[in-house]
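Quick notes on the structure that follows.
The values are calculated or read from the model by the stated rules, or taken from the named source; none is laboratory data. Note that the coordinates shown come from a computational prediction; the quantities given were computed from them, not determined experimentally. Heads up, the Cβs are rebuilt from the backbone with ideal geometry, glycines too, and the neighbour counts pull from every protein chain shown.
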Amino acid sequence: MQHKRYRPVLLDYILLAFIGGSILYFFWKLENELQYEWRWATIPQFIFKNTNGTWEPNFLLEGLLTTIRLSIWATILASVVGVVMGLARVSQSCFARMISRTYVEVVRNMPPIVLIFISYFFLSAQLTRYFALDTMVQDLPSWLYSAISILFNKPSQLTQFVTGVITLGLYEGAYITEIVRGGVNSVQRGQWEASASLGFSRFDQLRLVVLPQALKVIIPPLAGQFISTIKDSAILSVISIQELTFQGLELMASTYLVFEIWITITMMYLVLTLGCSVLSRRVERALEWKN
Amino acid sequence: MGKSVLKAVVALLLVVAFCIPASAQNLMSELSKESVISKVIERNKLRVGFSTFVPWAMKDKNGDFIGFEIDVMTELAKDLGVEIEFVPTTWSGIIPALLADKFDVIIGGMSVTTQRNLKVNFSAPYDYTGIGILASLKKGGDIHSLEDVNKEGVIIVARIGSTPAAAAKQYFPKAAVRLFEKETQCVQELMTGRATVMLASAPLPAFKAYEFPKKLFVPVKGTFTKEPIAFALRKGDPDTLNVLNNWIRIKQDSGWLKARKDYWFEGKQWENMLK
């Protein structure tokens with residue numbers, strides 16, 4: 001595909017002026033009507049702190065790191081669940097289809113906040129009862145202890161973190177299931193039949209003929225879903241998982257710097273999601289070239 | 001034959017007679033072994049649930065928790081000889097989280113109410129608070145008494161699940177009540193003039209009126225309720241309750257509690273630790 005240089009037209013300038021005007025109006029309104037006192041100078045210290053000469057991430061940045069960790073693990077889980085369930089959705093076995101259909105409908109038709117509360121008060125209690133994660137971690141050697149801190153979260157909040165990952169993973173997994181199903185169904189029926197007539201087993205038909213073609217359809221919406229995961233992780237703040245939104249809310253409760261903190265948080269999320277968008281665009285391009 | 005039956009019955013009775021007190025004793029020692037306090041000692045860590053409330057518990061600019069409750073928790077853990085773990089929790093879910101064993105005790109400026117007491121056990125009160133009124137100059141400039149608040153068209157804001165939220169409905173049935181998760185949001189509603197008054201535990205109304213004199217004011221001085229504040233823990237745990245109650249008594253009599261309360265509530269030397 002060739003990329004033409006884009007020439008802006010009159011409408012573009014009008015829109016640009018409109019957007020710029022709205023932003024200016026918002027700030028003007030805050031300044032004059034609410035007499036909001038901006039205290040931007042206090043924000044940077046909540047991102048980095050300087051203890052004894054060394055710079056360390058302070059809680060907003062820690063929150064962002066927790067958001068990233070949550071999103072990565074949830075994405076991995078969601079992909080596994082989504083692919084397995086997606087393939088079950090197009091399987092020949094009625095039982096497998098019913099299982100995955102039930103899963104998708106239950107999760108998709110439930111407000112995520114309800115799902116999160118249920119899993120927090122139920123799933124998390126089971127995790128503590130049967131696995132005793134918190135005490136298990138306490139007795140670990142120190143290198144493993146710090147590895148867990150880096151890969152997951154502070155060990156004392158491990159159960160909460162794991163609950164969050166599982167919930168988010170199951171939630172996003174339902175959408176990925178549908179993406180996988182859509183991708184597989186987008187491959188023409190004839191491809192299955194042709195490969196069947198060549199003597200491939202059902203598994204080989206899927207693996208060698210159908211999935212490679214489906215992948216092209218699956219990848220772009222999948223990238224979108226990964227970005228959604230980052231945004232949806234904010235909802236885990238209601239169960240006290242200390243990700244970016246939770247840290248921001250707590251900070252607002254003690255400093256009352258409402259607008260500064262919301263704007264900072266928005267920017268942090270934007271950097272993260274825009275980064276992922278750029279990355280997914282690259283992957284799409286690469287796939288386009290291959291074909 | 002008859003004799004041996006009698007012997008057997010007597011033997012059985014004897015066994016039972018010895019067993020009853022023994023099993024009662026077992027039960028007691030089981031209970032105290034299962035109590036939160038002995039688990040805390042065993043784990044060497046006290047997990048405390050709370051929610052951000054200025055100046056009870058809040059984050060300073062280094063990300064460390066400070067405040068009156070934080071002092072109380074730290075002192076309690078120190079006296080128990082265990083480590084402390086702070087578990088910040090959203091206020092609306094704090095009792096369910098306690099019941100789900102996310103932490104051992106709530107030390108979060110929680111007022112004792114009968115409704116709450118049906119779900120959790122409360123220690124002896126270690127502090128008292130009351131509800132004060134904060135009003136928006138723009139929308140509630142004409143409010144000068146409690147009667148002025150109980151009118152149609154008045155919009156009261158308060159925090160979800162808090163005693164001010166319950167008081168709003170109880171004392172001012174004619175006014176409309178809107179609830180928010182955080183006090184920040186309530187204050188914001190007042191500042192923008194979307195709400196008339198805010199009900200909140202002292203000293204927040206006075207602090208905020210002092211901070212934003214052009215927008216907020218305190219129409220009725222002082223507080224119009226008095227509520228005991230206590231630690232909350234799961235039910236059926238007399239041992240822990242006993243330890244906490246006596247700890248509070250010790251700290252009250254030594255004057256430690258009052259000194260800490262004066263530091264956080266009377267002055268504002270701590271303010272530059274926040275931002």
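Structure data summary
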quantity: Helices (runs of 4 or more DSSP H) lying entirely in segment B:162-239 (those with 3 or more residues that are within 14 Å of chain A (Cβ to nearest Cβ), within 21 Å of the chain's Cα centre (by Cα) and without any contact (Cβ under 8 Å) to a residue 40 or more places away in the chain); calculated: B:183-191
quantity: Residue within segment B:202-225 that is at pLDDT 90 or above and aromatic (Phe, Trp, Tyr) present; calculated: yes
quantity: Among the candidates B:36, B:72, B:112, residue that is more than 14 Å from every other protein chain (Cβ to nearest Cβ) and farther than 22 Å from residue B:201 by Cα; calculated: B:36
quantity: Helices (runs of 4 or more DSSP H) completely within segment A:79-172 that count 2 or more residues being within 14 Å of chain B (Cβ to nearest Cβ) and within 24 Å of residue A:226 (Cα to Cα); calculated: A:112-118
quantity: Criterion: part of a helix (DSSP H, G or I), of a type in the set (Phe, Trp, Tyr), modelled with pLDDT of 85 or more and surrounded by 12 or more Cβ atoms within 10 Å (Cβ to Cβ) - qualifying residue of A:73, A:28; calculated: A:73
quantity: Residue B:153 being farther than 26 Å from residue A:119 by Cβ, away from chain A (no Cβ under 14 Å) and in a strand (DSSP E or B); calculated: no
quantity: Qualifying residue in segment A:5-12 (condition: within 18 Å of residue A:228 (Cα to Cα), assigned to a helix (DSSP H, G or I) and more than 14 Å from chain B (Cβ to nearest Cβ)); calculated: no
quantity: Residues (out of contact with any strand residue (DSSP E or B) (no Cβ under 8 Å at 6 or more places or on another chain) and either in a helix (DSSP H, G or I) or at pLDDT 95 or above (or both)) located in segment B:255-275; calculated: B:256, B:258, B:259, B:260, B:262, B:263, B:264, B:265, B:269, B:271, B:272
quantity: Close pairs (9 angstrom Cβ cut-off, 6 or more residues apart or separate chains): over 16 Å from residue B:96 (Cα atoms) in segment A:110-122, assigned to a helix (DSSP H, G or I) and at pLDDT 90 or above anywhere; calculated: A:110/A:171; A:112/A:167; A:112/A:168; A:112/A:171; A:112/A:232; A:112/A:235
quantity: Residue count for segment B:79-104, restricted to those that are among the aliphatic types (A, V, I, L, M) and in a helix (DSSP H, G or I); calculated: 6
quantity: Those residues of segment A:41-58 which are touching a strand residue (DSSP E or B) at 6+ places or on another chain (Cβ under 7 Å) and outside any strand (DSSP E or B), in sequence order; calculated: A:58
quantity: Residue match in segment B:40-56 (condition: in a helix (DSSP H, G or I), touching a helix residue (DSSP H, G or I) at 6+ places or on another chain (Cβ under 9 Å), more than 10 Å from chain A (Cβ to nearest Cβ) and surrounded by 12 or more Cβ atoms within 10 Å (Cβ to Cβ)); calculated: yes
quantity: Qualifying residue in segment B:129-146 (condition: among the small types (Gly, Ala, Ser), under 14 Å from residue B:204 (Cβ atoms), in contact (Cβ under 8 Å) with a residue 60 or more places away in the chain and not in a loop (DSSP other than H, G, I, E, B)); calculated: yes
quantity: Pair list, Cβ < 6 Å and 6+ apart or interchain, from segment A:40-68 residues that are at pLDDT 85 or above and surrounded by 15 or more Cβ atoms within 10 Å (Cβ to Cβ) to residues that are outside any helix (DSSP H, G or I) and among the acidic types (Asp, Glu); calculated: A:63/A:243; A:66/A:243; A:67/A:243
